[in-house]
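Undergrad: One structure follows; several queries about it will come next.
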């Protein structure tokens, strides 16, 4: 609310070098009640109101507000009051000249008066035609129009409504609302504004002055002091809400700390064929320097992070008997991926094309965080067990920038691995997941995605937009993706994802993604955006 | 996803029902395609000028729905108006198949060719246009802009087999291209179509090759110069009776998929589908094409039921899958298995999981039992670097700074030159194919984003205090992906005065929150056992001389330089169009893990 006054109103206010508050107090000393319309006719209404409010807030006066219609003369009628009505001017001209040719009349009294005045003077039987000329009928006339208007000018009112409407139609008067006040003394009336203190100070506490002090009233209609607050970015506030949902459901966060990935992890391991349009220069950012990735191999640092995060799980579900783990074989994984693309394997006929190692080792800016999910699921093959993982991080698409597309956005991704999962179970899970953001009654549409089968687009009904909107994607990862990792056939894996930006835009009515992410975002927007509670509106 | 426009009245006639837009939208939703637009509800003049069209989005792997015929057929089968037809080959009465001989030279440029003959086809305007449009859609999608596969269709009565597929130097290929009157050789064709909006983008596929692929008839008439253009001689018209289709390719699988799609979509308009004899001994690709036999697969009853959460009998499964075009019979050898015939239209079916999805679609996704199996237990954990990052973010905001989120990609200048920094060549990750100069590299510092954010908020009252906690990227050849991310914290303040003490104070506050105590440089350098941080003046061209300091830290006896803060050099302010003094701070958070 920029521009509005903050804190207590300063006193006294002087308007036009007049101390209006003191004048009101003085006037009340002599006469109560006051009528502002009579006693302060020349003071503009907002100023008199400000003075009265100032006094009323201190209970020194009380006042009632009257709203009345005021009748005001137009420019034309002001001339009439000064010079007489059009008909009077015509009559007077004829009287002075004795006889005026009709053609000459405009020259004598002016075009306007000639036109209107002639007709009215005929109607009033003041003049008549004599051939082509005008001659006098009445020797003496009473200029009623002028008298009425003059009366209005003095009283600013007219009780005859029929006449008022007639004058309005003739554009001689206009009406407007006017606020006037009847003012009486208040319980704390005094001849002068008492000395006021603006605030309670340490000194006043020390010397006891606070007991006698006359505190200036606080203006409760204004905002308090600005806080110069720091703030978190709205998009990150929504991210935090999603993180909390995931944590509450027992998800472990995935190590997404690399923007660059190889074709292997971003595409091939996900059973995305090397000729898939997503691998087009139009869709994916390829890296020119450094030129090429290594073949997949152990990554001890990231491994250590995962171990640390899953230590809690391992402790909780530890059993006396030792569990056998099967170390990962990266070369075998590589060969399996080649085989499932090129010749088919694991119950799949594959894509049957000559698979290229070079294409697989090209470096790209990751197009989805599912590349990381793939790495984490391969790790799971050492010890296949129920597991839940999530990530929220930046992904990149070589898209033409517009209101809904940026080359970067955040992907929210969840992965659930378990034995005996069903498609309906995924729907149930997503219903629960989205209900935490206040979206109920999901519908699922069959869709195509190279690494999930079945694939489902998730639709939620948006009450504000009054239609079904796509809010996410989901599916069960294909056996061609999971089995080459060494995961057992009966361990099934749900994957679901959505962008962080889209639900934020829908929720907060942002129509252009550039107003949400990137350097063009308005700092005022960041500073004033309310805390995010996805379950509330 | 490709969008196909079909005539609304014709489609509803084919489906034997007048759908409302909502009803048809619902049908599409259930089947897994998407009604993008019904032009009868449009007010655009171009839409009002033609009969109402339905614009339908098709999943990228459903090549059998890229034309009116395919959409109508699949929906009719789904709605049980008909069964999927069986496509069969009929050799000509003479028994003599048309032959196509592939010469070994084609190995140098485009080695594969397939084909088929459609006898006594009946075209009308709609069918003809659909036939052309389907080829175009196949070229765009499956054929990856004609690189992998390209189709040529010919009026068989204008040419005479046997045919040969050869590869010749461009100058030796001469013919009148489709819809032209002039004879041109291969080289001239490249020049002629260089600026052509439609064909120009395909020229690169063969332009620089010493030999161009070409198909001749027995009179050495050129049928086509794949993948660019056909000859005018064999041009198809509405009156064409017999169609010869040749399909050249780099990809063995896709060439037959394309053949199947053309036959399945348009074979129905012909009296017979006639195979051709392909002679290609050098690469062992001699055969009769196409093979229209359905692909035989097996699916496990338990798998289909378990994943969909259903519990239905093999005969129910069979009935449901028939609506998706399959023929399913219980296996003769194992009662737990089903024999599934996958029709030639369903190139997208690779695994029994695809059959399982179709079962779920036929049943209705939204009618599946929604039960979550209550057995997985899990223990949540945040990624350590994100937890650390969030602590720093909250503390920075609590100190009165506002969080911003600029982009990670930036221009080379913003990251280096504008900050008076030099690119030593081995630091920044460079993009190969950005669409604009705004995205040339992955940032190696958070400063460009912060400064750009301030610059575009110059209307905001000063001081402006912003911060970001996010990743930057570096080349790191020791890693599998040859790169690594690093989590940084950076802040910038712009005001009437430099704000140097402000960023310094923010650093102190952050170090306090991260339990690192303040040391003097002497203490820090002398005593290895004393943990804490200290600052040392540095000469850094990003900053005003004498007003920048390196931040040093001792963690467990190891010294790190984690960042720098200072007053930006006025030349930096000028580059980023910043009207007031700015001080910045940037540190690496990884050492605090």
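Every read-out reported here was derived from the displayed coordinates using simple, explicitly stated rules and does not represent laboratory data. Owing to the predicted nature of the structure, the values given are computational and were not obtained by experimental measurement. Ideal geometry is used to build each Cβ from the backbone, glycine not excepted, and the neighbour counts take in all protein chains shown.
Undergrad: In the protein assembly as shown, how does Rg compare with the Kirkwood Rh, expressed as the Rg/Rh ratio over alpha carbon atoms?
TA: That ratio equals 1.13.
Undergrad: Sorted by mean Cβ packing within 10 Å, highest first, what order do the peptides B:430-436, A:285-291 take?
TA: Ranking the peptides B:430-436, A:285-291 by packing returns A:285-291, B:430-436.
Undergrad: Using 7 Å Cα-to-Cβ label points, what is the residue A:315/residue A:514 separation (nm, one decimal)?
TA: Each label point lies 7 Å from its Cα, and together they span 5.0 nm.
Undergrad: Suppose only helical runs count, i.e. DSSP H with n ≥ 4. What mean residue ellipticity at 222 nm does that imply for chain A under -39500 (n - 2.57) per run, divided by all residues and rounded to the nearest 500 deg cm²/dmol? Don't skip to the answer; put the middle values down first.
TA: Values: 20 runs with 188 residues, N = 537.
That calculation yields -10000 deg cm²/dmol at 222 nm.
Undergrad: Next up: If you average the alpha carbon positions of the stretch B:53-121 and of the stretch A:264-285, how far apart do those two centres end up, in angstrom?
TA: Each part's Cα centre sits 27 Å from the other's.
Undergrad: Quick one: check the C-alpha center-to-center distance for the stretch B:317-390 versus the stretch B:511-533, whole angstrom.
TA: Taking the Cα centre of the stretch B:511-533 as reference, the centre of the stretch B:317-390 is 59 Å away.
Undergrad: Once the convex hull of the C-alpha atoms of the stretch B:483-593 is built, how many Å³ does it hold per residue, rounded to a whole number?
TA: 114
Undergrad: Right, something else. In bins 20 Å wide, starting from 0, what share of all Cα pairs of chain A does each bin hold, as a percent?
TA: Histogram of Cα-Cα distances, whole percents per bin: 15, 27, 16, 19, 16, 6, 0.
Undergrad: When you look at the Cβ of every residue in A:521-528, what mean number of other chain Cβ atoms sits within 10 Å? Don't skip to the end; give the middle numbers.
TA: Values: counts 6, 5, 12, 5, 1, 7, 2, 0.
Neighbouring Cβ atoms belonging to other protein chains average 5 per residue here.
Undergrad: Write down the Å³ per residue value for the convex hull defined by the alpha carbon atoms of the stretch B:175-218. Walk me through the numbers before you get to the answer.
TA: Working: hull volume 4.1 nm³, N = 44.
Spread over its residues, the Cα hull of the stretch B:175-218 gives 93 Å³ apiece.
Undergrad: Continuing with this model, one more query. Convert 20 °C to kelvin, take the viscosity as 1.002 mPa s, use the Kirkwood radius over C-alpha pairs of the stretch B:3-78 as Rh, and evaluate the Stokes-Einstein diffusion coefficient in µm²/s, rounded to a whole number.
TA: Estimated diffusion coefficient is 171 µm²/s.
Undergrad: Moving on to the next point. Determine by what factor the alpha-carbon radius of gyration of the stretch A:272-345 differs from 2.2 N^0.38 Å, reporting the quotient.
TA: 1.63
Undergrad: Could you work out the mean count of beta carbons from other protein chains within 10 Å of each residue's beta carbon in A:441-447?
TA: 6
Undergrad: Another one. I'd like the orientation of helix B:352-363 relative to chain B: the angle between its Cα long axis and the longest Cα principal axis, in ° from 0 to 90, rounded to 10.
TA: 80
Undergrad: Let me ask you something else. Project the alpha carbons of the stretch A:234-528 onto their principal axes and report the range along each, largest first, in whole Å.
TA: So the three principal-axis extents are 53, 49, 37 Å.
Undergrad: Any chance you could give the angle, 0 to 90 degrees and rounded to 10, that helix B:384-398 forms with the longest Cα principal axis of chain B?
TA: The angle comes out at about 60 degrees.
Undergrad: Given R₀ = 30 Å, FRET efficiency for residue B:172-residue A:358 by Cβ-Cβ distance, to 0.05?
TA: For R0 = 30 Å, the calculated efficiency reads 0.35.
Undergrad: In deg cm²/dmol, rounded to 500, what helix-only [θ] at 222 nm does chain B give when every DSSP H run of at least 4 residues adds -39500 (n - 2.57) and the total is split over its residues?
TA: -7500 deg cm²/dmol
Undergrad: Also, quick follow-up: When the label point is put 7 Å from the Cα of residue B:577 along its Cα-to-beta-carbon vector, which residues of the stretch B:413-430 have a backbone N closer than 19 Å?
TA: B:413-420
Undergrad: Assuming R0 = 51 Å, can you tell me the calculated FRET efficiency for the pair residue B:36 and residue B:194, based on Cβ-Cβ distance, to the nearest 0.05?
TA: 0.90
Undergrad: To continue, here is another question. Roughly how tilted is helix A:330-342, in degrees to the nearest 10 and between 0 and 90, from the longest Cα axis of chain A?
TA: Roughly 70 degrees, rounded to the nearest 10.
Undergrad: Also: Compare the peptides B:156-162, B:445-451, B:327-333, B:338-344 by average per-residue count of other Cβ atoms within 10 angstrom and give them in order, highest first.
TA: Ranked from most to least packed, the peptides come out as B:445-451, B:338-344, B:156-162, B:327-333.
Undergrad: Still on this structure, please answer the following. How big is chain B on each of its three principal axes, counting only the C-alpha atoms and giving the largest first in Å?
TA: Dimensions of chain B along the principal axes of its Cα atoms: 102, 66, 55 Å.
Undergrad: Express the Stokes-Einstein translational diffusion coefficient of the stretch A:224-263 in µm² s⁻¹, to the nearest whole number, given a Kirkwood radius over alpha-carbon pairs, 37 °C and a viscosity of 0.692 mPa s.
TA: Details: Rh = 13.4 Å.
D = 244 µm²/s.
Undergrad: Taking the Cα-to-Cβ direction at residue A:59 and at residue B:201 and moving 7 Å from each Cα, how far apart do the two end points lie in nm?
TA: According to this spin-label approximation, the distance is 8.1 nm.
Undergrad: Mind checking the mean number of beta-carbon atoms from other chains within 10 Å of the Cβ atoms in B:358-368?
TA: 4
Undergrad: Label points 7 Å out from Cα along the Cβ direction at residue A:227 and residue A:42: separation in nm?
TA: With each label placed 7 Å out from Cα toward Cβ, I get 5.0 nm.
Undergrad: log₁₀ I(q)/I(0) of the stretch B:296-367 at q = 0.15, 0.16, 0.21 Å⁻¹, via Debye over equal Cα point scatterers, no solvent, to two decimals?
TA: -0.41, -0.46, -0.82
Undergrad: Taking a point 7 angstrom from the Cα of residue B:391 along the C-beta vector, which residues in the stretch B:493-530 have backbone N less than 15 Å away?
TA: B:509-517
Undergrad: Ranked highest first by the average count of other Cβ atoms within 10 Å around their residues, in what order do A:318-330, A:497-509, B:83-95 fall?
TA: The most tightly packed comes first, giving A:497-509, B:83-95, A:318-330.
Undergrad: Past the 24 angstrom mark, what percentage of all C-alpha to C-alpha distances in the stretch A:210-316 do you count?
TA: Values: 3463 of 5671 pairs.
Tail of P(r) above 24 Å: 61 percent of Cα pairs.
Undergrad: Once the cut-off is 26 Å, how many percent of the Cα-Cα pairs in the stretch B:98-289 end up in the long-distance tail?
TA: On the way: 4471 of 18336 pairs.
Of the Cα pairs, 24 percent sit more than 26 Å apart.
Undergrad: Beyond 29 Å, what share of the Cα-Cα pairs of the stretch B:384-592 is found? Please give it as a whole percent. Please list the in-between numbers first.
TA: Details: 5101 of 21736 pairs.
Every Cα pair in the stretch B:384-592 considered, those over 29 Å come to 23 percent.
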